[in-house]
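Have a look at the structure below, then the notes.
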Amino acid sequence: FIFNPSVVLVTGLFLLFLNWALVTAQEVVFQTSLGKKFFGLQLKGTVGSILLRAVFSIPSSLMFGLGNLWALADSQRRCWHDLASGIQPHEIAEL
């Protein structure tokens, strides 16, 4: 039962959504996520723009990661979801 392809698919989709929701909640509340914090990055924007960025990150990642790889070619290192939302991660200012 547990290795039924439908169960595996639904479980995988649930885990992907849960990960997206947790990262989005971290970004909205703290303006950074654990991964961004590790690299010394934070988001500077309104709650609405951070949520918009999170929503646009889904198709950006689903198109074979092309939206994320776009940052390698962009002069300002922006992904598609950064371009669509108008915000991108910045280095955390040292105090």
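We did not get these values from a lab; they are worked out from the coordinates using the rules stated. Note that the coordinates shown come from a computational prediction; the quantities given were computed from them, not determined experimentally. As a convention, Cβ positions derive from the backbone with ideal geometry for all residues, glycine included, and neighbour counts pool all protein chains shown.
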Taking 0.36 nm per intervening residue step and subtracting the Cα-Cα distance, what contour gain separates L13 from K44 on full extension?
8.2 nm
To the nearest 0.05, how large is the calculated FRET efficiency for S6 and I92 if R₀ is 30 Å and r is the Cβ-Cβ distance?
0.10
Grab the DSSP H runs of the chain that are 4 residues or longer, score each as -39,500 (n - 2.57), total them, divide by all residues and round the 222 nm result to the nearest 500 deg cm²/dmol.
-20000 deg cm²/dmol
Over the Cα atoms of the chain, Rg to Rh with Kirkwood Rh, two decimal places?
1.05
I'd like to know which of T32, P59, A71 lies farthest towards the positive end of the charge dipole of region 28-91, counting +1 on Cβ of Lys and Arg and -1 on Cβ of Asp and Glu.
T32
Checking understanding here: applying a Kyte-Doolittle mean of at least 0.5 and a length along the axis of at least 24 Å (C-alpha), which whole DSSP H helices in the chain pass?
5-30
If every Lys and Arg gets +1 and every Asp and Glu gets -1 at its Cβ, then about the Cα centre region 5-95 yields a dipole, in debye to the nearest 20, of 40 debye
